[in-house]
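Undergrad: Below are the C-alpha cells for one structure; questions will follow.
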Amino acid sequence: MFNFHKLIILMLLAAVVGFYGCGKKAPPVAPQEKPIPAVDDLQGHREGHRAVLAWHLPAEWGQQAVEHGGFRVYRHRRSLHAEACPACPLVFEPVGTIPFAGTTPLKFVETIEPGYRYIYKVVGLGPTAVESGSSNLVEIVY
C-alpha cells in the first residue's frame, strides 16, 4: 500500500509540473533585425501623365543607410467613378523598389491613367528585406 501512495503522489506531482511547466510556451522565433525607421516626409504630385513621389532618408538611418536594401513603393488605385466606400480597406500593391544610392531626396516616377485616385506609401527595406512601418500616405487624383 505504501508504494501505491508514493506512486499516486509522484504521478500527481508530475501532472502538475507538466501542466504548468516553466517558461513561455510558444513556437520558436528567429532573431530579428532592429526595427527600421519609417519615412515620414513622403510628398507627391502629378506632372502630366506621371505621378512623381519624393522623400528623404529618415535621419535615424544615419551612417548605416548603405546597409539597408532601399525602399519599396506601394500603390492603391481606385476609379473616380466607383461608389465611395469609406469602410473599405485600402489594398496596396508593390509598384517599385528604389535602392538607396547615397543621395536624397529619393524619387519614384510612374505613368498614371486619367479617371483614377492613386494613394501611395513607401516602406524602408532592411538588409534581409524586412520592411519598416509605412510612410505617410500621398494621394494623387487624375
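Undergrad: Only residues that are at pLDDT 90 or above and acidic (Asp, Glu): list them for region 47-67, please.
TA: Within region 47-67, just 47 meets the criteria.
Undergrad: Another question about this same structure. Out of the residues in region 19-41 that are within 30 Å of residue 134 (Cα to Cα) and open to solvent by 100 Å² or more (accessible area, probe 1.4 Å), state the one that is modelled with the lowest pLDDT.
TA: My answer is 32.
Undergrad: Additional query: Which ones in region 43-62 are outside any strand (DSSP E or B) and among the small types (Gly, Ala, Ser)?
TA: Listed by number, the residues that qualify are 48, 59, 62.
Undergrad: Which of the residues spanning region 75-100 are small (Gly, Ala, Ser) and either surrounded by fewer than 10 Cβ atoms within 10 Å (Cβ to Cβ) or under 14 Å from the mean Cα position of the chain (by Cα) (or both)?
TA: If the condition is that a residue be small (Gly, Ala, Ser) and either surrounded by fewer than 10 Cβ atoms within 10 Å (Cβ to Cβ) or under 14 Å from the mean Cα position of the chain (by Cα) (or both), then 84, 87 are the ones that fit.
Undergrad: For region 106-128, enumerate the residues that are among the hydrophobic types (A, V, I, L, M, F, W, C) and open to solvent by 60 Å² or more (accessible area, probe 1.4 Å).
TA: 109
Undergrad: Still on this structure: Out of all the residues in region 104-142, which are under 12 Å from residue 54 (Cα atoms), more than 17 Å from the chain's Cα centre (by Cα) and not in a strand (DSSP E or B)?
TA: Of everything in region 104-142, those that are under 12 Å from residue 54 (Cα atoms), more than 17 Å from the chain's Cα centre (by Cα) and not in a strand (DSSP E or B) turn out to be 104, 105.
Undergrad: Checking residue 16 against (1) in contact with a Phe, Trp or Tyr (Cβ under 9 Å, 6 or more places away or on another chain); (2) at pLDDT below 70, which test does it fail?
TA: All conditions are met except number (1).
Undergrad: Which residue, of 70, 44, is open to solvent by less than 40 Å² (accessible area, probe 1.4 Å), out of contact with any helix residue (DSSP H, G or I) (no Cβ under 6 Å at 6 or more places or on another chain) and modelled with pLDDT of 90 or more?
TA: Answer to the check: 44.
The values are calculated or read from the model by the stated rules, or taken from the named source; none is laboratory data. Everything quoted here is computed from the prediction, not taken from an experiment. Here the Cβ is made from the backbone with ideal geometry for all residues, glycine too, and neighbour counts use every protein chain on show. When the accessible area is computed, the model is the full protein with side chains, heavy atoms only, and any ligands, DNA or RNA have been set aside. Shrake-Rupley method; radii C 1.70, N 1.55, O 1.52, S 1.80 Å.
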